[in-house]
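Shown next, in structure tokens, is the structure this report addresses.
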Amino acid sequence: PRVCVVGSGPAGFYTAQHILKHHAGARVDIYEKLPVPFGLVRFGVAPDHPEVKNVINAFTQTARSERCAYYGNVTVGKDVTVAELRQAYHAVVLSYGAEDNRVLGIPGENLSGVYSARAFVGWYNGLPENQDLKPDLSCETALILGHGNVALDVARILLSPLHLLRKTDITDSSLAALACSKVKRVWLAGRRGPLQVAFTIKELREMINLPGARPVLNPADFTGLENAIKDAPRPRKRLTELMIKTALEKPGEKTVEVQAVVAQAAAPREWGLKFQRSPQEVLPTTDGRRARGVRMALTRLEGSGDSAKAVPTGDVEELECGLVLSSIGYQSRPLDPAVPFDTQRGVIPNSSGRVEGVPGLYCSGWVKRGPTGVIITTMNDSFDTAQSVLEDLQVGVLDVSASREGFGAVESILGSRGVRPVSFSDWEKIDAAEVARGKAAGKPREKIVDPQEMLQLIGR
């Protein structure tokens, strides 16, 4: 059987890995829009979290298998259609992730100084489409809208001491911009309360212990919460306890976290969490061009736990800030008119990865279940889709007796459209060049951010 996977992030690679491992004859071709593979592992994971990128080693093993091939620089839906892929392969798996961000939908969202966290992360991680972002970091106060791990990543990068960032694979140009940054205060605001934050304890602890930055948590936000979390699941309980401890403990009580707080009392930078605030409008400067603050509706919670809803109370407050980053979630886009898409939920309608109404078409990762979870969640989800493909092969839902040409058919289509794919060994040349450039600067790599430069490097 010939299987095609669209997207070379964790969802695509884990799907390919599982199929290759459990079917001794299957061949898997992976298509990727960019010349370079690995999706959000390369462009989403924070530069100061190198250990999370270790999965790239396993993905590289998969790509080097003689039954697997990688074709970068191919945009499915434009260079080749999904219908054409379905003609060429027995099964097609869409694993192209969430390429967009959710919008706030409020007045002033398009003012200068307002960015999506997705674009900001793409900028410091070298995502080609965000290389020209040039965020304005000339203000003292930044406001991040959202209480997830991406929001904490962005806050940490804004406040990290430069000597820590210099040792990472953060791009050269964003490092230079951060070196000139005037930002010294970062607020993270969410519509709901401390019990509904979406970030995890590891990221929170890292933020609390960030050198040179002190946490500013309002004790009033946490009073009475000890009782509320008695029966909460353990991860939620530990996370809330850490916030309570950081907000309430007095200097003198010598836990490691509190020693950090004492050491940071004189810190030049600060960050804090604001709860039950929903953005209503980004307020413009007098010339009407730039952001100078955000008007927030104060909310109250209806219901409890994860299902609690934030309802405006009618009260508002204004928060002054010159930089606004919206971190309210990523969003998938429809890839091709031939593929059903649920615009409400931003996913391809499916059952265990089988796309509804289109036999032989599958999906995995964020485009399958929405943009939530970490790499391990995506791994399990992709194995689930791969299992559906393997079952359909076994019971004959996918007719393998009909021979399919696979890349042979696609290659001639791409050739007729003037598209030349990038192979995995091409990528390894780009990789080697990045590592060499990084070595000179004492970094793990210096990412090349311009696709044209990548193609020149491999002799295109």
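The values are calculated or read from the model by the stated rules, or taken from the named source; none is laboratory data. Since this is a predicted model, take the numbers as computed values, not measurements. Here the Cβ positions follow ideal geometry from the backbone for every residue, glycine too, while neighbour counts run over all protein chains shown. Note: accessible area is taken over every heavy atom of the protein model, side chains too, but ligands, DNA and RNA are not part of it. Shrake-Rupley method; radii C 1.70, N 1.55, O 1.52, S 1.80 Å.
For region 296-331, a tally of residues being under 28 Å from Phe120 (Cα atoms) and open to solvent by less than 60 Å² (accessible area, probe 1.4 Å) returns 17.
The residue that is farthest from Ile56 (Cα to Cα), among those in region 1-37 that are of a type in the set (D, E, K, R) and outside any loop (DSSP other than H, G, I, E, B), is Arg2.
Looking at (1) open to solvent by 70 Å² or more (accessible area, probe 1.4 Å); (2) part of a loop (DSSP other than H, G, I, E, B), can you tell me which one Arg437 breaks? With respect to (1) open to solvent by 70 Å² or more (accessible area, probe 1.4 Å); (2) part of a loop (DSSP other than H, G, I, E, B), Arg437 is out only on (2). I'd like to check something: does region 131-154 contain any residue that is among the small types (Gly, Ala, Ser), over 24 Å from Glu206 (Cα atoms), modelled with pLDDT of 95 or more and surrounded by fewer than 23 Cβ atoms within 10 Å (Cβ to Cβ)? For region 131-154, residues among the small types (Gly, Ala, Ser), over 24 Å from Glu206 (Cα atoms), modelled with pLDDT of 95 or more and surrounded by fewer than 23 Cβ atoms within 10 Å (Cβ to Cβ): present.
Filtering Val422, Val400, Val395 for residues that are open to solvent by 40 Å² or more (accessible area, probe 1.4 Å) and in contact with a Pro (Cβ under 7 Å, 6 or more places away or on another chain) leaves a single hit, Val400. Considering the conditions (1) in a strand (DSSP E or B); (2) surrounded by fewer than 19 Cβ atoms within 10 Å (Cβ to Cβ), Ala177 is excluded by exactly one of them, (1). Of all residues in region 26-48, those satisfying the criterion of being more than 28 Å from Val419 (Cα to Cα) and either hydrophobic (A, V, I, L, M, F, W, C) or without any contact (Cβ under 8 Å) to a residue 40 or more places away in the chain (or both) are Val45, Ala46.
Condition check ((1) in contact (Cβ under 8 Å) with a residue 24 or more places away in the chain; (2) part of a loop (DSSP other than H, G, I, E, B); (3) over 30 Å from Gln344 (Cβ atoms)) across all residues:
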{"residue": "Ala63", "(1), (2), (3)": "yes, no, yes"}
{"residue": "Tyr71", "(1), (2), (3)": "yes, no, yes"}
{"residue": "Asn110", "(1), (2), (3)": "no, yes, no"}
{"residue": "Phe120", "(1), (2), (3)": "yes, no, no"}
{"residue": "Leu137", "(1), (2), (3)": "yes, yes, yes"}
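Every condition in (1) without any contact (Cβ under 8 Å) to a residue 24 or more places away in the chain; (2) closer than 17 Å to Ala267 by Cβ is met by Pro215 except one, and the failing one is (1).
Of the set (1) more than 23 Å from Leu188 (Cβ to Cβ); (2) without any contact (Cβ under 8 Å) to a residue 40 or more places away in the chain; (3) out of contact with any strand residue (DSSP E or B) (no Cβ under 7 Å at 6 or more places or on another chain); (4) part of a helix (DSSP H, G or I), all apply to Gln344 but (4).
Can we say Arg191 is out of contact with any helix residue (DSSP H, G or I) (no Cβ under 7 Å at 6 or more places or on another chain), surrounded by 20 or more Cβ atoms within 10 Å (Cβ to Cβ) and among the basic types (Lys, Arg)? So Arg191 fits the description; yes.
Scanning region 340-392 for residues that are surrounded by fewer than 21 Cβ atoms within 10 Å (Cβ to Cβ) and at positive phi, we see that the one that is modelled with the lowest pLDDT is Gly373.
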